[in-house]
Structures are given as C-alpha cells and as structure tokens.
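The values are calculated or read from the model by the stated rules, or taken from the named source; none is laboratory data. Everything numeric here is computed off the predicted structure, so don't read it as measured data. As a convention, Cβ positions derive from the backbone with ideal geometry for all residues, glycine included, and neighbour counts pool all protein chains shown. Surface accessibility is based on the protein's heavy atoms, side chains included, excluding ligands, DNA and RNA. Shrake-Rupley method; radii C 1.70, N 1.55, O 1.52, S 1.80 Å.
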Amino acid sequence: MGYATKSPWVIHYDASSCNGCDIEVLAALCPGFDVERFGIINTGNPKHADIFLVTGSVNERNISVVKQIYDQMVEPKVVVACGTCACSGGIFHDCYNVIGGVDQAIPVDVYAPGCAVRPEAIIDGVVQALGILDEKSKALKAAKRGA
Amino acid sequence: MTFINTLIGTVAFAILAPIVGCLLAGLDRIISARMQGRVGPPLLQPYYDVRKLIDKDDVTVSGVDGVYMTCALVFTAFAGGIFFSGGNLLMSAFIITMAALFFIMAAYSSRSPYAEVGAGRETLQVMSYEPMVLLMAVCFFMAAHSFNVGDAFKLNMPVITLIWPAFIGFLFILTIKLRKSPFDISTSHHAHQELVKGTTTEMSGKTLAKVEIMHWCENVLFLGWTGMFFLWGGPLSIILAVVVALAAWFFEIWVDNNFARVKWQLMLKSAWIVALVCGGVNVVFLAML
Ligand code: SF4
C-alpha cells in the first residue's frame, strides 16, 4: 500500500440531498468513529482532498458545482457516492429538476447505498475507495516515470 | 570560522529539524486526540501526509508559489542554522521573518480571494509577534551582553533569571508564531471554518508539502528559542532547555485545544500590549541594573 492510502483527506459536498445523508457523513467523521486513526481528515478544500464524498442527487443548479469541485481536486482522486440519492437519484429521481445520480456529472468510483446511508457504510465505502486510490496513485507514478 | 559554523549548522538543521519537527507534529496530533477523547493517528502520520502530497500530481495556479515556498524553506533552514550553531539571535529572528514573508508572497501569488485574505491575516500575525521577538532579542543582549546564543554558555546563571518577564511575553506570542488557536487566524487545521484554508487554499501537492516541512522546521526553531532562556555554564544545561521547550510545546497544545479563535483586532492589540508591558518593563529594568 502506498502513502496515498495512509493519508486520505476527504471533502464533502451536499448536492440535492435531504440532509439525512449529510448528517450521517458528519457522524462518520465525528470523534466516536475517530477516522483520524486512519489518517482521514475532513479538509473542506478540493485542492487538498483525495476523496470526494457526495451526498444527494445532482440537479440543474448544482451540476456545475459538482464538476467544479471534481476538476479542482488533484490527481489521484476518487469519488464516493453516499446514499441512494447520490447513487441513482433515489426518491427524487423523477423530480422535474433532478438529473440523476452523481455519476451523471462526474465519474463515480464507489457507490455506498442506503437511505440514509449509515456511517458504517460510508466508512466501508471509503475503505474500498482507498484500494482504488492506491491503484490510481500507482498508475500516475508509472505515467510520470514514462513521461 | 563563524561562516563555516553557520554553514554546517544550516545543513545539520536542514536534515535534523524536519525529523524532529515531524515527530513533534505527530505527537501534537496524538496528544490533541487524547485531549478530545480519541485515539488519534499514528505517530508518523505527518510523514505519511507529506509523502502523499509529494506523490500527488503537479498543479499550480500561479506557477511561482512553489518557488516562493522553496525560498521560504531555505531561509528557515538558514535561520535555524544560525541559531543552533550558536550564532546571532537577532539575525536568526530576521531571517525567519524573511521566510514568513516568502510564505505570504506564495499565498498572494495565486490571486485567489481566500488565499489573499489568508495572506493578509498572516501579515497581521507577523505584525503582532514581531515587536515582542525584537524586544526578546534586546533583552537577551542586555542580559548576556551579546547577541550570540553560544555566549549563553559563558554565563554564571541562565538569562531567565534576569529576563523572565520577556519569557512570559515570548510564550504569549509563541502561540501566534506556531499558528495555534486562539491565534490560528491565517490558516486552520480543521474544515468548516470561515476561511476554508486561508494561506494554503490554492496550494497543493509538493507546494503544500513544503509548507508542512517549513512548519516543522519553524516549530523546532521556536522551541529552540524557548530553551535558550535556560542555558548557562556548560552544555549540560541543554538538558534543562530541552525539558522546558517540551513543556512549552505541551502547554501550546493545551491552549490550542481549549481556546476558541479570536478576532485579529484582539490578537494585534493583546500582542502589542504584552510586548510593551513584558518586554518594555524588562528592558527598562535591565537598563537600570
Ligand atoms: S438517500 Fe435518503 S437520506 Fe440520503 S439524501 Fe437521499 S433521501 Fe435523504
């Protein structure tokens, strides 16, 4: 395992979520679970983050924001869709302004379903994302060496 | 001879300070976590963080922030080298301020509003602590009759016996210098604060790694300044100096965890008042001695 997996910094964005999943994301980051044990830090700055946690579906208003944040993140990066809304649009999927799950805007690496998604499911999702992050980090290194 | 000494000191500091600083930063995070009822990250977490940052892709907004940060690192190493090779305290203080200025330039260079606000606030931090740093150096000179840190070993008793008010003042501004709460106004280590990340908002990858390493080195240097007050007689007094420096470090972590951030007005006012009272009174007292 490379260093990328030992210090995953996350950024959390609330798309059109009902706030249920957001509370769960923050609950997963609270001292009770103490994710800093694994080096996880909630950064609030896309340029510093490695893992993008999105809750809620994307709509016409926030799709540009989701894309912005994703583009500002520095490679290697992974996206975890937290909650059913973020995975597929959930109960809001046929709203007039809802486009769908997060994967309609940006490439999603891990889907963590649940309404609301449980902190355990989020942590599971992040752990899975770490494996992908490691692969991406290795690929980036290889590409750099090749270039 | 002094030039060679400084050069050797600088190289030694550039190698050793990041190691010591990294361990101190790891210890800081563990102690902070324990104070909050958590287990906390492994001791080497700051090292993992920096290694990860170095592995990240190169992205820069202005193209020059990395260069500015390299300058800041070099000046930090130089300031540390001068101090730990027993050189001129005043010079060390000036050069570390140079490093701070390069850090501010790096933040300004991105032209991002968040980074600019952070840079402005970092400037205010420099303005807040600089008077006390200068008065501390003056007090040291009046007590030890030399600006050279190495001359402290020729004293019969440590300078703290004569300049303890300046030491109290220095402890106050140490919190600002280490960018710890309640004076962490230019940048923050935690998300969901008003300025996002202040100075480092637009920095990523290697540039951010340089910022981290610079902070480690700075911490070691400032703790060195703290220990300097307790040097006298022979090199054996270094043990006491190290103990005091570690105690000050623990005290700073405690303060960091127990006080909410203040507004910059309060920081500037209180730091200048402390400098005038503690430093000023001390200078007058030494002048009359
Ligand atoms: S998945 Fe459920 S809890 Fe989560 S944002 Fe959608 S509706 Fe709310």
* Asked: If we scan region B:53-71, do we find a residue that is buried (at least 22 other Cβ atoms within 10 Å of the Cβ), in a helix (DSSP H, G or I) and within 11 Å of chain A (Cβ to nearest Cβ)?
  -> yes
* Asked: Across region B:197-221, what is the total count of residues that are surrounded by 23 or more Cβ atoms within 10 Å (Cβ to Cβ), in a helix (DSSP H, G or I) and among the basic types (Lys, Arg)?
  -> 1
* Asked: Any idea which of A:VAL74, A:VAL79, A:VAL110, A:VAL66 is within 15 Å of the ligand (Cβ to nearest atom) and under 22 Å from B:LYS56 (Cα atoms)?
  -> A:VAL66
* Asked: Does A:ASN59 meet the test of being within 16 Å of the ligand (Cβ to nearest atom), in contact with a Lys or Arg (Cβ under 9 Å, 6 or more places away or on another chain) and over 16 Å from A:LEU133 (Cβ atoms)?
  -> no
* To do: For region B:112-150, enumerate the residues that are more than 25 Å from B:LYS180 (Cβ to Cβ), assigned to a helix (DSSP H, G or I) and in contact (Cβ under 8 Å) with a residue 60 or more places away in the chain.
  => B:VAL138, B:MET142, B:ALA143, B:GLY150
* Structure fact -> In the set B:GLU218, B:GLU212, the lone residue that is away from chain A (no Cβ under 14 Å) and of a type outside the set (Ser, Thr, Tyr) is B:GLU218
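Residues are listed down the side, and each one gets a yes or a no for (1) touching a residue at least 40 places away in the same chain (Cβ under 8 Å); (2) touching a helix residue (DSSP H, G or I) at 6+ places or on another chain (Cβ under 8 Å):
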{"site": "B:ILE15", "(1), (2)": "no, no"}
{"site": "B:CYS22", "(1), (2)": "yes, yes"}
{"site": "B:SER32", "(1), (2)": "yes, yes"}
{"site": "B:ASP55", "(1), (2)": "no, yes"}
* Selected residue (criterion: farthest from A:ASP50 (Cα to Cα)) from residues of region B:8-52 that are open to solvent by 10 Å² or more (accessible area, probe 1.4 Å), among the basic types (Lys, Arg) and within 9 Å of chain A (Cβ to nearest Cβ) -> B:ARG38
* State yes or no: is A:PRO8 within 13 Å of chain B (Cβ to nearest Cβ), more than 16 Å from the ligand (Cβ to nearest atom), touching a strand residue (DSSP E or B) at 6+ places or on another chain (Cβ under 9 Å) and under 13 Å from A:ILE106 (Cβ atoms)? => no
* Asked: Across region A:67-100, what is the number of residues that are within 20 Å of A:ILE132 (Cα to Cα) and open to solvent by less than 20 Å² (accessible area, probe 1.4 Å)?
  -> 11
* In region B:131-170, the residues that are within 15 Å of B:ALA248 (Cβ to Cβ), open to solvent by 10 Å² or more (accessible area, probe 1.4 Å) and among the aliphatic types (A, V, I, L, M) -> B:ILE160, B:ILE168
* Counting only residues that are away from the ligand (no atom under 16 Å from the Cβ) and touching a Lys or Arg at 6+ places or on another chain (Cβ under 7 Å), which one in region A:23-35 is least open to solvent (accessible area, probe 1.4 Å)? -> A:ASP34
